[in-house]
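Notes to accompany the following structure.
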Amino acid sequence: MKRYDWQKLQQFCTEVFIRAGVDKNHANTVADSLIQADLRGVDSHGVVRTAIYLERIERNMMNPFAEPEIEMEQGPTVLLNGNNNFGAVVGSKGLDIALEKAKEQGIAVVGVKGSNHFGTGAFYALKAIKKNMILLLMSNASQTMPPTGGKRPFIGTNPLAVGVPAGKELPFVLDMATSVVARGKIIVAAQKGLDIPLGWAIDKDGNPTTDADAALQGSVLPVGGPKGYAISMFIDILAGVLTGAGFGKYVNNMYENWNEPQNVGHFFIAIDIERFMPLDLFKERMDRYIQEIKAEPKAEGVDEILIPGEIEHRLVIERKRSGLELPEKVEKELEAIGRRYSLKLSDALIDSSYSNQKKEAVN
């Protein structure tokens, strides 16, 4: 497999968006969001999304020139209208407002409407952690999941993410869809011609299936059955109903609806730790908590107890060292996009000597 240097691939994507007419800062934000997803192993939210983002721009379904604007603000609460810009741009603006407000007020609640697919929740959670803030964020999504007892999509795999800083230990980073698996992973399986595990999805007639293509015609299933369905519905209420964004069937599918913007909604809650205790004390307590969890007796066959975000952290280190692999279909898409904008995807390739140098540097 060919491997790509993550920084060079990010530079390629940034330049693609700039040449497509996107503001340089916004292009950087979007490309950063895509690459961070690939580095963390969430390939379904990585550079695979480049082509559809560009198509949404070209067909006037997304407005990369609009600036998100505050529509309502009172105390620690803010309502932000994304004005149909990139989800990563709108989400980043919502995050910045939430972190700034939380520092002033102790806590901040920012609702967002008029947005688009905003990438992975960890992209925002990690930024909050760097600012020594606790972050809870949610987003709704287009219909891909049935309510418990239903057989056709009604709600999205509405994601939930949490970021909590620690001291010497790794931070707590939860980033999950409310489905058994993110629909994007089924898209990737379909692109690779692979089957999916039983229990991930049902076909259009409501039957369990291992066929990725049939699953894409049907629905993914809620995690934990009715519990996942209820959590997803609650996220849709906060991110959609409350903010004035789309909800349920009114969140438009970016791959299928070419008449209307997506109107995705997000919801950020930021907490200033120092309103509760000194930051150093909190980090010490977090470290002790994590250390004690990891020291728990392990079940047979288990080598190590991990905390949320730890597997992804290790993947980031490995993929920065050895490079990113791209599915053949995605590679061909990016090569074609590069030709349109006079760019070479091959410039981001890692040659074997360069890769060996990086491995030696790490070791």
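Can you check what the net charge comes to around residue 10, using other residues whose Cβ is under 10 Å from the Cβ of residue 10 (Lys, Arg +1; Asp, Glu -1)?
Numbers: positive: 8; negative: 5, 15, 32, 38.
The answer is -3.
Would you please give the residues with an amide H less than 5 Å from that of residue 116, counting only those at least 5 places away or on a separate chain, with H modeled from the backbone geometry?
Those qualifying (amide H under 5 Å, at least 5 residues apart or on another chain) are 87, 264.
Counting other Cβ atoms within 10 Å, which trypsin sites (Lys or Arg not before Pro) in the stretch 265-323 have at most 11 and lie in a DSSP loop? Let's see the in-between values first.
Values: sites: 275, 283, 285, 288, 294, 298, 314, 319, 320, 321; in loops: 298.
Hits after loop and neighbour filter: 298.
Rounded to the nearest 500 deg cm²/dmol, what is the calculated helix-only ellipticity per residue at 222 nm for the chain, with -39500 (n - 2.57) per DSSP H run of length n ≥ 4? The partial results should precede the final answer.
Values: 12 runs with 148 residues, N = 363.
Taking each H run of at least 4 residues, the total per residue is -12500 deg cm²/dmol.
Mean separation of Cα pairs under 8 Å and 6+ residues apart, divided by the residue count of the stretch 221-280: what relative contact order is that in percent?
Once divided by the residue count of the stretch 221-280, the mean separation gives 23 percent.
List the aspartates and glutamates whose Cα sits under 20 Å from the Cα of residue 298, skipping any in the same chain fewer than 8 residues away.
Those aspartates and glutamates meeting the cut-off are 169, 287, 310.
Send over a whole-number figure in Å² for the accessible area per residue of the stretch 132-285, probe 1.4 Å.
On the way: 7270 Å² over 154 residues.
For the stretch 132-285, the solvent-accessible area averages 47 Å² per residue.
From the phi angles alone, apply the Karplus equation (6.51, -1.76, 1.60; θ = phi - 60°) to the stretch 84-98 and give each ³J(HN,Hα) in whole Hz, x where the residue is Gly or Pro.
6, 7, 3, x, 5, 6, 5, x, 5, 5, x, 5, 4, 5, 4
Which residue, 187, 35, 52, tops the fluctuation ranking in a GNM of the chain built on C-alpha contacts under 10 Å?
Maximum fluctuation in the GNM of the chain, among the listed residues, is at 52.
Provide the convex hull volume over Cα atoms per residue for the chain, in Å³. Numbers along the way, then the final one.
Details: hull volume 55.3 nm³, N = 363.
Given the Cα convex hull of the chain, per-residue volume reads 152 Å³.
Specify the inter-centroid distance of the stretch 76-108 and the stretch 1-54, based on alpha-carbon positions, in whole Å.
A separation of 23 Å, based on Cα centres.
Sorted by mean Cβ packing within 10 Å, highest first, what order do the peptides 246-255, 121-130 take? Don't jump to the answer; show the numbers that get you there.
On the way: 246-255: 18.8, 121-130: 23.2.
Ranked from most to least packed, the peptides come out as 121-130, 246-255.
Anything over 21 Å Cα to Cα? Flag those among 127/320; 93/329; 204/329; 127/283, in the order listed. Intermediate results must be reported in sequence, preceding the final value.
Working: 127/320 19 Å; 93/329 32 Å; 204/329 25 Å; 127/283 17 Å.
Among 127/320; 93/329; 204/329; 127/283, the Cα-Cα distance tops 21 Å for 93/329; 204/329.
Probe radius 1.4 Å, ligands and nucleic acids ignored: give me the carbon and sulfur share of the accessible area of the chain as a rounded percent. Walk me through the numbers on the way to the answer.
On the way: 9080 of 17540 Å².
Its accessible area is 52 percent carbon and sulfur atoms.
The values are calculated or read from the model by the stated rules, or taken from the named source; none is laboratory data. Predicted, not measured: the structure shown is a model, and the values here were computed from it. Reconstructed Cβ throughout: ideal geometry from the backbone, glycine too, with neighbour counts over all protein chains shown. Note: areas computed on protein heavy atoms with side chains; ligands, DNA, RNA excluded. Shrake-Rupley method; radii C 1.70, N 1.55, O 1.52, S 1.80 Å.
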